[in-house]
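Notes for the one structure printed next.
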Amino acid sequence: DQIAVDWSGLIPGLQAKRWDMLAVGMSITEERAKQVAFATPIYQYGSGLIVPAGNPKGIKGLSQFAGAKIGAILGSTDADLIVAQKGELVAFKSHPEMIAGLKAGRMDAALADETTAGYANIVSPEPSIEILHDWEGKAARPTSFSVRLDDAAMLKALNDGIAEMKKDGTALKILETYGLTATNLIP
């Protein structure tokens, strides 16, 4: 069964035995690993660098942000990164608005959560843009499922299943279905 819950309630609900595992693609952090047992990392993601098709300005990463107009969602860590790199932030309220702005030439590139950008481009393919999944300065976070700290049997079952899915190519096929690439898969 699937249970819908707010993000902030995921780990407390697991610890309270309201559910047996978290299958939400949670980033593995040191603090979270004190609260839950993470299965073998499956994939990693960060921000996708979105450029016009053909990347006419040749933007390949952080070193080209200074002086460039770079779009991001208002209040995101991507917005902070652009400002820190001395880029000109072009802020948007939503991902579709940002892509429309990039297509209209309002900026040179954009940063967006890689999973959001990849999946949005699967749902509504946009041939006038490219999503760079491997770019200079990308900070990727490993991701996996998690269980209660004392649930060794469930953790083993998950790890065995993940190993098999990586071996037979199923894991990569799933990532590609959602707009990610082999660069996101953790071998």
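The values are calculated or read from the model by the stated rules, or taken from the named source; none is laboratory data. Nothing here was measured: the structure is a model prediction, and the numbers come from that model. For neighbour counting, all protein chains shown are included, and Cβ atoms are generated from backbone atoms with ideal geometry for every residue, glycine included. These accessible areas exclude ligands, DNA and RNA; they are computed on the full protein's heavy atoms, side chains included. Shrake-Rupley method; radii C 1.70, N 1.55, O 1.52, S 1.80 Å.
Could you list, in sequence order, the residues of the range 38-80 that are part of a loop (DSSP other than H, G, I, E, B) and closer than 19 Å to PRO96 by Cα?
Matches in the range 38-80: GLY46, ALA53, LEU74, GLY75, SER76.
Residue by residue through the range 143-185, note down the ones that are acidic (Asp, Glu) and closer than 16 Å to GLY25 by Cβ. Spell out how you get there, then give the answer.
Restricting attention to the range 143-185, the residues satisfying the condition of being acidic (Asp, Glu) are 150-151, 160, 164, 168, 176.
Selection gives GLU176 alone.
Could you check how many residues of the range 49-78 are in contact with a helix residue (DSSP H, G or I) (Cβ under 9 Å, 6 or more places away or on another chain) and open to solvent by 20 Å² or more (accessible area, probe 1.4 Å)?
Result for the range 49-78: 5.
What are the residue pairs meeting all of these: first residue in the range 52-65, first residue at positive phi, second residue open to solvent by 20 Å² or more (accessible area, probe 1.4 Å) and among the charged types (D, E, K, R), Cβ atoms under 7 Å, and 6 or more apart or on different chains?
Close Cβ pairs (under 7 Å, with a partner that is open to solvent by 20 Å² or more (accessible area, probe 1.4 Å) and among the charged types (D, E, K, R)) amount to ASN55/GLU130; GLY61/GLU136.
For GLY13, indicate whether it is small (Gly, Ala, Ser), surrounded by 11 or more Cβ atoms within 10 Å (Cβ to Cβ) and closer than 30 Å to ASP160 by Cβ.
Yes; evaluated as a whole, the condition is true for this residue.
Name the residue that is most open to solvent (accessible area, probe 1.4 Å), counting only residues in the range 158-187 that are under 21 Å from ALA33 (Cα atoms) and assigned to a helix (DSSP H, G or I).
Going through the qualifying residues, I end up with ASP160.
Are there any pairs, at least 6 apart or on different chains, whose C-beta atoms fall under 9 Å, with the first in the range 1-20 and of a type outside the set (A, V, I, L, M, F, W, C) and the second surrounded by fewer than 10 Cβ atoms within 10 Å (Cβ to Cβ) and modelled with pLDDT under 95, and if so, which?
Every condition considered, the pairs that remain are GLY13/ILE3; ARG18/ILE3.
Scan LEU81, LEU155 and give me the residue that is surrounded by fewer than 20 Cβ atoms within 10 Å (Cβ to Cβ) and hydrophobic (A, V, I, L, M, F, W, C).
Answer to the selection: LEU81.
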